[in-house]
Each structure stands twice: as C-alpha cells, then as structure tokens.
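Structure, as structure tokens:
The values are calculated or read from the model by the stated rules, or taken from the named source; none is laboratory data. Note that the structure is a prediction, hence the values are computed from the model and not measured. Because the Cβ atoms are built from the backbone with ideal geometry, glycine has one as well, and the counts that use them run over all protein chains shown.
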C-alpha cells in the first residue's frame, strides 16, 4: 500500500518516496512564544502528530524537528509591557506550550531547537548568501535580494510582478527592492542583540528555520510542514535562501494544513477571536479537540465553534462506549452457540482495518478513516443493544466483540492519539490540578476561567468537578463566594 500526499510545491497528489528510506526527515515551523497557544496552533500540531504516527506505523524511522521562535518583535513588546526581559517571556510560554502539548497528546519532537541557541548557524547562512550574491548589507541590516533567485514564487505560484503590486517601500527602509526581506536586523536601544560581521543585531524570522533545518536534518529534507498561512512569504523565503546556498531542493514535499476559522474569519490573536488550548482542556477532555480536528481533512478549513465541540464530545462518547461496553457484556449470561463456524464480525473488523489504513494512505484522509471506525461502532452498538434486551450473549459473539473493541482501541490510540489511557490522568480534574501545580494561579485570567468551568459544572450538576476546583483553589489561597450576582473570588 503506497502513501500518497498532496505536495503544495507541485499542486499534485504524489506518491511519497523519502530520500533515504526508511529514514524520513520532517521539519515543521513552531510557535512564536509570546502568549499561550490557541486552537489554530493546536490543529497544526495535531495534524502533523497524526502524520508522524502513521509514518511510524508504516515502518519509517522518523526524525521530527519543530522549532521555537524565542526572540521576535512580539516577544520584545510583551517584555516591555511587563517590564521584564524577553527571555523571561519566552521561557514562560515555552513551559506553557509543553503543558498544552502534554494535555492534547502531541508527542514531543525529536529536536525542538530555539532560535537564540542557533545564532552562529544563522550568521553562517547569511554570510553564505552574501558571498553568493543573493544578499546585501545596508547600514547594519542584511537583506535577501528576491530577484537574484530565479525560482522565487514557485511554492505560492505567485510571479514577482504580482507580489510587487502589493508591496511598498517606505522612505525610511534600507532595502533596494520592495520584495527583498530581512535576514539580519540591526539592534535598537533596549532590545536583545548579538554580535555579527555587520554589527550587533538579531535574526530575521525567515532565516531561522533554514539554519535550524540545515543543522538538525541536513540540506534536503523529506517533508516541510506548517499552516497554510505560512506558504507566503515564510516558506517561499525559506526555499529561496536554502536553495540559493545548496542549488538543490530544500524539501521534497511541502504539506500545509488549512486554517482554523471562527465564523469564516481566520482565528488569530490580532483579531482577538481566538480560543486558547487551555480554555479547551479545562472544559473538555483533551481527546475531544483531537477528534474535532480529525473529523476535517487537514487541507480544508476548520470553522471552530463550541457547538462543534459538543458534537465531538458526543462522538467521543460513542467511541469510548464501544470499547467499555465489553466489560458490561461480560457480566451478562454467556450462552453456547447454536451455529458453528467463525463469527462474521472477525472478517468485518479486518475489512474495517484495511479500509482505515487505505484512507490514511490517501493523503492522510482522516475523515474517511473515521467513517470506517464509526461504521464498526454502529455494528457493535446493535450487538450491545440486542444483548442488553435479551440479558444474554453468545460466547462466540462476546469473543468477537472483544476482538473488535481491541482493534478500535488500538487504531484510535496508535494512529490518532485518542484513548491513550482510560485512567483519571487526563480527566478534567487532573488537568486542572497540573495547571495549578505549575504556579499559574497568580494569573487572574486563569482564576476567572476556572471559576467559569466550576459554574458550568454546577449547572450540569457535576458537583464532583465543581467541588474539586473550589477546594484546590482554596488550598492555594483563593476563596470563592457564590452570590446572587455570580461567583466572586479573593485571596484569603
């Protein structure tokens, strides 16, 4: 069974053939750590985590690299707002990121490099571009000359003329052409900087990933991934730099996930329409978000809503129930079979598994793969309902049900990261407890969110969770008071 993937570079569905099988080299652009990750980030992380899991199932030895941008205008501005240094901000949100990844079951990358740890490699890339005639120094800044690279625009399918129409050069700018982009920015007073041959400064965003990919994966990688919004200019600029230096393809396959939208608008912090991952997993089991993501093909847009989260919740309960119902069926009266032979459910499961894997081999078609899982869930539901009504089950049918439920659990766990455990470690209570243990209780926004979660739990008569949140906050010095006007909190 061959794997086919949609390559943004060619605009075609292609058979996946790695450069040096069974090794597969993957690089995806990570987060800029100036705030908590939101659902848009979470979707990309879940998508590429799923790709990685399936490639490993196929027998490939995956080396996966995902970076942190830990110095950037947004990080610097956040540090100024809080009267602290940029590294304090970066470290805070890297820690937050790791807690989010643990919650939503995204495996750590094999290497998770930080920009500030790769300044030497970044400077080396820039020097090579200057020596090759692809970049120039302008009053302490360094720019890439877009028109010096003849293939510029091949990823986004834009011509220089089209790009020029939307570009403008301000009188204060130092670049020669509107399309040129910064590789190195000269330092400003009060901002972090590093020494370089062109004076103190810091890297431009588009150069960072090239340097880190070169160091940790080599000059040509198998898969470069990220969100659709990175195709232009970020990934286009990466290609220009990398291939200007090496003269060979930077990545063989470019895979991009569709954007998360809210009411048709891209979810983003600049628009203020984002939902953080923390908000998700303090209201729902982490698997619910993964399931929501998997119900949509990775290249299609995903319009987020709380109603869709509720739909995902109900679907999750069906999947989970199909597995857990086996324990109930075992408690029924088990009777001997009247007819001999192998139960047909065994063959049905094998057929489902083949269809499931075939769907994933067709450009990671998770919605179709999910449909095969739910088809089997429906059949198991019929067996369960009949057995419940009769108060008994045939021995061969019980064995076949066990076989089917184990197959479901294995596929969901191994391929999709769902139901990796059925213990309390990923319950709402445990996730909230980990957050509190991390020391974020001093964040008033988090306290407000926990109070909101508690109020939802009280409304749903889930007093176990409501009391748990109240008690844990109390232990940490936060006192809650329920009044006719709502719940108030204060430090005791």
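Take residue 67 and tell me if it is under 24 Å from residue 250 (Cβ atoms) and in contact with a helix residue (DSSP H, G or I) (Cβ under 6 Å, 6 or more places away or on another chain).
Numbers: under 24 Å from residue 250 (Cβ atoms): yes; in contact with a helix residue (DSSP H, G or I) (Cβ under 6 Å, 6 or more places away or on another chain): yes.
Yes: the conditions hold for residue 67.
Might you check whether a residue that is assigned by TED's automatic domain parsing to the domain that holds residue 50, at positive phi and free of Cβ contacts under 8 Å to residues at least 60 places away in the same chain occurs anywhere in the stretch 245-253? Full working, then the answer.
Just the residues of the stretch 245-253 that are assigned by TED's automatic domain parsing to the domain that holds residue 50, to begin with: 245-253.
Keeping just the survivors that are at positive phi gives 247.
Subset that is free of Cβ contacts under 8 Å to residues at least 60 places away in the same chain: 247.
Yes, the stretch 245-253 has at least one match.
Residue check, residue 388 against (1) in contact with a strand residue (DSSP E or B) (Cβ under 9 Å, 6 or more places away or on another chain); (2) in a helix (DSSP H, G or I); (3) over 29 Å from residue 4 (Cβ atoms), all met but one. Which one?
Residue 388 satisfies all of (1) in contact with a strand residue (DSSP E or B) (Cβ under 9 Å, 6 or more places away or on another chain); (2) in a helix (DSSP H, G or I); (3) over 29 Å from residue 4 (Cβ atoms) except (1).
Out of all the residues in the stretch 362-380, which are part of a helix (DSSP H, G or I) and either out of contact with any helix residue (DSSP H, G or I) (no Cβ under 7 Å at 6 or more places or on another chain) or under 15 Å from residue 349 (Cβ atoms) (or both)?
Quick first cut of the stretch 362-380, residues part of a helix (DSSP H, G or I) only: 366-380.
Scanning the stretch 362-380 gives 367, 369, 371, 372, 373, 374, 375, 376, 377, 378, 379, 380.
So that you can scan it fast, the table gives a plain yes or no per residue for (1) farther than 21 Å from residue 359 by Cα; (2) crowded, with 19+ Cβ neighbours inside 10 Å; (3) in contact with a helix residue (DSSP H, G or I) (Cβ under 7 Å, 6 or more places away or on another chain); (4) not assigned by TED's automatic domain parsing to the domain that holds residue 50:
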site: 261; (1), (2), (3), (4): yes, no, no, no
site: 269; (1), (2), (3), (4): yes, no, no, no
site: 295; (1), (2), (3), (4): no, no, yes, yes
site: 300; (1), (2), (3), (4): no, no, no, yes
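Just to confirm my filter: which helices (runs of 4 or more DSSP H) fall fully inside the stretch 195-299 and include at least 2 residues that are within 26 Å of residue 4 (Cα to Cα)?
Working: elements: 205-217, 236-246, 277-281, 286-294.
Correct list: 205-217, 236-246, 286-294.
Can you tell me which condition residue 278 does not meet? The list is (1) within 30 Å of residue 24 (Cβ to Cβ); (2) surrounded by 20 or more Cβ atoms within 10 Å (Cβ to Cβ), and all the others hold.
Of the numbered conditions (1) within 30 Å of residue 24 (Cβ to Cβ); (2) surrounded by 20 or more Cβ atoms within 10 Å (Cβ to Cβ), the odd one out for residue 278 is (1).
Can you list the strands (runs of 3 or more DSSP E) found entirely within the stretch 47-156 that contain at least 3 residues being modelled with pLDDT of 95 or more and more than 21 Å from residue 188 (Cβ to Cβ)?
Once the strands (runs of 3 or more DSSP E) in the stretch 47-156 are filtered for at least 3 residues that are modelled with pLDDT of 95 or more and more than 21 Å from residue 188 (Cβ to Cβ), what remains is 61-66.
Being touching a residue at least 12 places away in the same chain (Cβ under 8 Å) and over 16 Å from the mean Cα position of the chain (by Cα), is that true of even one residue in the stretch 100-114?
Within the stretch 100-114 (the criterion being touching a residue at least 12 places away in the same chain (Cβ under 8 Å) and over 16 Å from the mean Cα position of the chain (by Cα)), the answer is yes, since at least one residue qualifies.
Buried (at least 23 other Cβ atoms within 10 Å of the Cβ), farther than 28 Å from residue 78 by Cβ and in contact with a helix residue (DSSP H, G or I) (Cβ under 8 Å, 6 or more places away or on another chain): which single residue out of 213, 135 fits that description?
The conditions single out 135.
Evaluate the stretch 66-84: report whether one residue or more is within 30 Å of residue 414 (Cα to Cα), under 13 Å from the mean Cα position of the chain (by Cα) and crowded, with 21+ Cβ neighbours inside 10 Å.
Within the stretch 66-84, one or more residues are within 30 Å of residue 414 (Cα to Cα), under 13 Å from the mean Cα position of the chain (by Cα) and crowded, with 21+ Cβ neighbours inside 10 Å.
On the basis of being modelled with pLDDT of 95 or more and more than 18 Å from residue 27 (Cβ to Cβ), does residue 227 make the cut?
no
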